[in-house]
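K.L.:
Shown below is the structure under consideration.
Each reported figure results from applying straightforward, stated rules to the coordinates on display, with no laboratory input. Keep in mind that what you see is a predicted model, and the values were worked out from it rather than measured. Because the Cβ atoms are built from the backbone with ideal geometry, glycine has one as well, and the counts that use them run over all protein chains shown.
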Amino acid sequence: MNARNRQPLRIVHTEASCGWGGQEIRILEEARGLIARGHDVSLLCPPEARIFSEASRFGVPADALAIGRKRPAGVLALRRWVEQQRPDVINTHSSTDSWLAGLACATLTHPPAIVRTRHISAPIAVNAASRWLYGQSARHVVTTGEALRQTLIDKLKLPPACVTSIPTGIDTERFTPGDKPAARRALGLAAAGHYLGIVATLRSWKGHLYLLDAFAALDLPDWRLLMVGEGPMRDNIAAKIDELRLGDRVLLTGQRNDPEHWLRALDVFCLPSYANEGVPQAVIQAMLSGLPIVTTPVGAILEAVTDGETALIVKPRDVATLEQALRRLIADPALSNRLGEAARARAVERFSRERMLDGMETIFHSAVRGSRDES
């Protein structure tokens, strides 16, 4: 049976994180997409979380619960909510809300199915607690890349059939190549010249500081660097820009809700991450925008791009090789065009939003069916 012809489900996402980045955006985009397919989808998160204030912009109903910390009050709050609302499935996303949901549901006679999504490649504790959290409290585990999936199978000895990789899907009509001069004029940028850019939350492991060093070493006066995003590293990045005397050639745009326009303005995209990545949304967005990309083999990035075919891959935290790869693309427009066109074709085929929604819908129905069969 096609996923779209199945019975609508009541799905609730839990997210304890108060940050804002690809993980939170995926939750809301996925929820919005499944709402459009007829499912009843909502969000539970702390009242102070950024995702709570953003949910309405995505059309996702959200309830504020005190689930920001691993405390008994959070377990009780989740338990009461689940007893009253009786969802079919809970999709947890961070460690804290996964523990709270797991413990809350363990005290219920007929609990909903739990699906755990693991978004990043940060190290995981290998112990009995982790095996319970991923292998017993959760009916199924979803990862955002195959490398993350294999890590859980290898380290926690999870059954392979209970772990599925579903990379984040991106709207292939929203992110497309476009008229660069027009995009620049619309953003208040100079239409002439050249632009290198990164679209990412300003976190240390995204590699902004290494990109600044490489950009300074390029020493190309007609190039500008756009850093699109906001986050805890902003002050450090601003200080680095001052140190390198790049204030007139680097623009910190802050948080933007229109990354597709900024990507269209670029000539080259770079994401020099050195930790914690799944398949980054920004890389997929840049691929769909037809951009030549320089990135690193961190997390599950190589599941999206191939060195020399759809991107140039460099060692993490290596300014010299990063500079060389950027210089290579800048000096070879034919190579840049070839990589960008190939990246667009691959992203359309493998990383569409519809493909992600189909995969999640299948997982949710399977988890609910398994849970009901046991009760």
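K.L.:
Tell me whether the range 148-263 comes out rounded, prolate or oblate; compute the Cα gyration tensor, take square roots of the eigenvalues as a ≥ b ≥ c, and use a/c under 1.5 as the rounded threshold.
P.N.:
The shape class here is oblate.
K.L.:
As I understand it, the value is the acute angle between the Cα axis of helix 22-36 and the longest principal axis of the Cα atoms of the chain; what does it come to in degrees, rounded to 10?
P.N.:
Between helix and principal axis, roughly 60 degrees.
K.L.:
How much net charge surrounds Asp307 when only other residues with a Cβ under 14 Å from its Cβ are counted (Lys, Arg +1; Asp, Glu -1)?
P.N.:
Every neighbour counted, the sum reads +2.
K.L.:
Show the residues, 5+ positions off or on another chain, whose built amide H is closer than 5 Å to the amide H of Arg118.
P.N.:
Distant-sequence amide H within range of Arg118: Val142, Thr143, Thr144.
K.L.:
Also, I was wondering about something else. Ignoring everything except DSSP H segments at least 4 long, calculate the 222 nm mean residue ellipticity for the chain; use -39,500 (n - 2.57) per segment, divide by total residues, nearest 500.
P.N.:
-12500 deg cm²/dmol
K.L.:
With a ≥ b ≥ c the root eigenvalues of the C-alpha gyration tensor of the range 180-350, is it rounded (a/c under 1.5), prolate (a/b larger than b/c) or oblate?
P.N.:
Here the range 180-350 falls in the rounded category.
K.L.:
What is the chain by shape, rounded, prolate or oblate, if you read a ≥ b ≥ c off the alpha carbon gyration tensor as root eigenvalues and call it rounded for a/c under 1.5, prolate for a/b larger than b/c, and oblate otherwise?
P.N.:
Verdict is prolate for the chain.
K.L.:
Counting only residues 5 or more places away or on other chains, whose amide H sits under 5 Å from the amide H of Tyr195 once H atoms are built in the peptide plane?
P.N.:
Placed amide hydrogens put Arg224, Asp267, Val268 under 5 Å from Tyr195.
K.L.:
Could I have the simple spin-label model distance between Arg185 and Ala161, label points 7 Å from Cα toward Cβ, reported in nm to one decimal?
P.N.:
Placing both labels 7 Å along Cα→Cβ, they lie 6.0 nm apart.
K.L.:
Provide the per-residue ³J(HN,Hα) series for the range 264-273, in order, calculated from phi with Karplus coefficients 6.51, -1.76, 1.60 and θ = phi - 60°, each as a whole number of Hz, with x at glycine and proline positions.
P.N.:
Coupling constants for the range 264-273: 5, 7, 8, 9, 9, 10, 9, 9, x, 4 Hz.
K.L.:
Using the Karplus curve 6.51 cos²θ - 1.76 cosθ + 1.60 with θ = phi - 60°, work out ³J(HN,Hα) for each residue of the range 208-225 in order, rounded to whole Hz, and write x for Gly and Pro.
P.N.:
In residue order, the calculated couplings are 4, 5, 5, 5, 4, 4, 5, 5, 4, 5, 4, 6, 10, x, 8, 9, 10, 10 Hz.
K.L.:
Separation of the range 111-132 and the range 334-361 by C-alpha centroid, Å?
P.N.:
28 Å
K.L.:
Same structure, new question: Per residue of the range 66-76, what does 6.51 cos²θ - 1.76 cosθ + 1.60 with θ = phi - 60° give for ³J(HN,Hα)? Whole Hz please, x for Gly and Pro, Karplus curve as stated.
P.N.:
Result, rounded to whole Hz: 7, 10, x, 9, 7, 10, x, 4, x, 4, 5.
K.L.:
Lys and Arg at +1, Asp and Glu at -1: add these up for the other residues within a Cβ distance under 12 Å of Val163 and post the number.
P.N.:
In short, +4.
K.L.:
List the GluC sites (Glu not before Pro) in the range 290-375 that DSSP assigns to loop (not H, G, I, E or B) and whose Cβ has at most 16 other Cβ atoms within 10 Å. Which are they?
P.N.:
Glu309
K.L.:
Another question, if that's okay. Round to the nearest 10 and give me the degree value, 0 to 90, for the angle of helix 333-350's Cα axis relative to the longest principal axis of the chain.
P.N.:
10 degrees
K.L.:
With loop defined by DSSP as not H, G, I, E or B, and exposure as at most 13 other Cβ atoms within 10 Å, which is the longest segment of the chain clear of exposed trypsin sites (Lys or Arg not before Pro)?
P.N.:
The segment 246-375 is the longest one with no such site.
K.L.:
Considering amide H positions built from the backbone, and no H for Pro or chain starts, which residues 5 or more places from Ala62, or on another chain, come under 5 Å of its amide H?
P.N.:
Close amide H contacts, sequence-distant or interchain: Leu43.
K.L.:
OK, next. Take the Cβ-Cβ distance between Arg338 and Ala66 as r, set R0 to 45 Å, and report the resulting FRET efficiency rounded to the nearest 0.05.
P.N.:
0.30
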